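Heads up, the thing below is written out as structure tokens.
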Amino acid sequence: MLFRSAGNGTLALAEDYLERGRILHRGKDYAEAVKAYDAAIAIQPRHLQVHRLRAEALLELNQLLEAAQSLDVCVKHGPPDADVFRARAAVRTRLGQYPGAQTDYTRALEIDPDVATYAARGWNYLVAEAPSLALRDFAEAIRLDPKRADAYGGRGAAYALLGQYRLAIADADESIRIGPNSPRLFYNAARVYAQAASTVA
């Protein structure tokens, strides 16, 4: 979205900076890409495409707060966009802003319900120590995709936190059976087994 009051020359200059930013971005020169995007934003503060790309570059630089600010602009001034809500939810999760992330995942699901977002919100609920809410999200993710290993791992973790260790172990086993195997998958399964063993003890 661009300000209508801007002249054609100003619009063209903002687009030039945007294109320069894209070229640098593709070349993985994220710091210089951000500078180009900032120059475009200085001319057109509500250029949503620039803010979105700027957020992506800032995430590559692990500058989470600044990335969140650009995504805030996209949410405030753009049409409802599930991908933007998912992106901001992921950033908020990394910042430890779990309630805000959960709200963003919920907005994304209202627009475009999908397996990955249910699973992501489920893990967010787990980290926020809300296993009952996580359980529902992982169950929905599994319903939509019975072959999603991380959803079984997450549901197993939720069961373990709720003291339902037999169900927890069964889900951890299923996550490993489905695969593909990865350090994260084995780590999550190992945590479930440890929690279940602790419950039994």
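Here are the numbers for the structure shown:
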read-out: Some residue of region 76-87 being among the basic types (K, R) and under 16 Å from the mean Cα position of the chain (by Cα); value: yes
read-out: Enumeration of residues in region 69-82 that are open to solvent by 50 Å² or more (accessible area, probe 1.4 Å) and in contact (Cβ under 8 Å) with a residue 12 or more places away in the chain; value: D72, P80, D81
read-out: Helices (runs of 4 or more DSSP H) wholly inside region 94-178 containing at least 3 residues that are closer than 30 Å to L65 by Cα and free of Cβ contacts under 8 Å to residues at least 40 places away in the same chain; value: 98-111, 115-127, 131-144, 149-161
read-out: Residue count for region 42-68, restricted to those that are open to solvent by 40 Å² or more (accessible area, probe 1.4 Å) and closer than 25 Å to P113 by Cα; value: 4
read-out: Output for region 178-196, where each listed residue is open to solvent by less than 70 Å² (accessible area, probe 1.4 Å) and under 18 Å from P131 (Cα atoms); value: N188, A189, A190, V192, A194, Q195, A196
read-out: Answer from T117, T103 - the residue that is polar (S, T, N, Q) and open to solvent by less than 60 Å² (accessible area, probe 1.4 Å); value: T117
read-out: Output for region 140-177, where each listed residue is closer than 23 Å to Y105 by Cβ and open to solvent by 40 Å² or more (accessible area, probe 1.4 Å); value: E140, R143, L144, D145, P146, K147, R148, D150, R155, L161, L162
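Here's the yes/no breakdown for (1) under 21 Å from A108 (Cα atoms); (2) assigned to a helix (DSSP H, G or I):
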| position | (1), (2) |
| --- | --- |
| I23 | no, yes |
| V34 | no, yes |
| R46 | no, no |
| Q49 | yes, yes |
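The values are calculated or read from the model by the stated rules, or taken from the named source; none is laboratory data. What you see is a predicted model; the values in this text were computed from it and never measured. Backbone-built Cβ (ideal geometry, glycine too); neighbour counts: all protein chains shown. Heads up: the accessible areas ignore ligands, DNA and RNA and are worked out on the full protein's heavy atoms, side chains in. Shrake-Rupley method; radii C 1.70, N 1.55, O 1.52, S 1.80 Å.
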